[in-house]
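Notes follow the structure.
The values are calculated or read from the model by the stated rules, or taken from the named source; none is laboratory data. These numbers were taken from a predicted model, which means no experiment stands behind them. Here the Cβ is made from the backbone with ideal geometry for all residues, glycine too, and neighbour counts use every protein chain on show.
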Amino acid sequence: MKSMKALRGLIIDFLKRIYPKEIEELTIIGILYQYYSDDDIRKSLQYLVDKGYVEKIELEHPFKPFKVIKYYKLTAKGIDVSEGTIKDAGITFIEEEK
């Protein structure tokens, strides 16, 4: 099983690249599904939301009643975690080779 800590770091890194924009949940799952299950991705997103690193925005689907579309956006606290200003033992960042 791949590390949930590393998955959380990947999500934060990805959201930082598109900051200040938000992105739809299924797009995040589509990017990471080769390596992680959709359940693990959703759990990691919820962890990041619960910690305040990521904001979840829920909007009604424009054509499907009772359906909600979830969007995620990195918060200022999430940027601090990605830059090492805030330490979180539940998140691991993979260093890129330069």
Condition met for ILE12 (in contact with a Ser or Thr (Cβ under 7 Å, 6 or more places away or on another chain) and within 24 Å of LEU59 (Cβ to Cβ)): yes
Residue in region 13-21 that is modelled with pLDDT of 95 or more, surrounded by 17 or more Cβ atoms within 10 Å (Cβ to Cβ) and either part of a strand (DSSP E or B) or among the charged types (D, E, K, R) (or both) present: no
All positions within region 23-43 that are assigned to a helix (DSSP H, G or I) and surrounded by 14 or more Cβ atoms within 10 Å (Cβ to Cβ): GLU25, ILE28, ILE29, ILE31, LEU32, ASP38, ASP40, ILE41, ARG42, LYS43
Residue match in region 70-91 (condition: acidic (Asp, Glu) and part of a loop (DSSP other than H, G, I, E, B)): yes
Tabulated pairs, region 46-69, first free of Cβ contacts under 8 Å to residues at least 24 places away in the same chain and within 19 Å of PRO20 (Cβ to Cβ), second part of a strand (DSSP E or B) and of a type in the set (D, E, K, R), C-beta under 9 angstrom, 6+ apart or interchain: VAL49/GLU55; VAL49/LYS56; LYS56/LYS70; LYS56/LYS73; GLU58/LYS70; LEU59/LYS70
GLU95 vs. criteria part of a strand (DSSP E or B), exposed (fewer than 12 other Cβ atoms within 10 Å of the Cβ) and of a type in the set (D, E, K, R): no
Residues satisfying the stated conditions in region 24-45, i.e. in contact (Cβ under 8 Å) with a residue 12 or more places away in the chain and of a type in the set (A, V, I, L, M): ILE28, ILE29, ILE31, LEU32, ILE41, LEU45
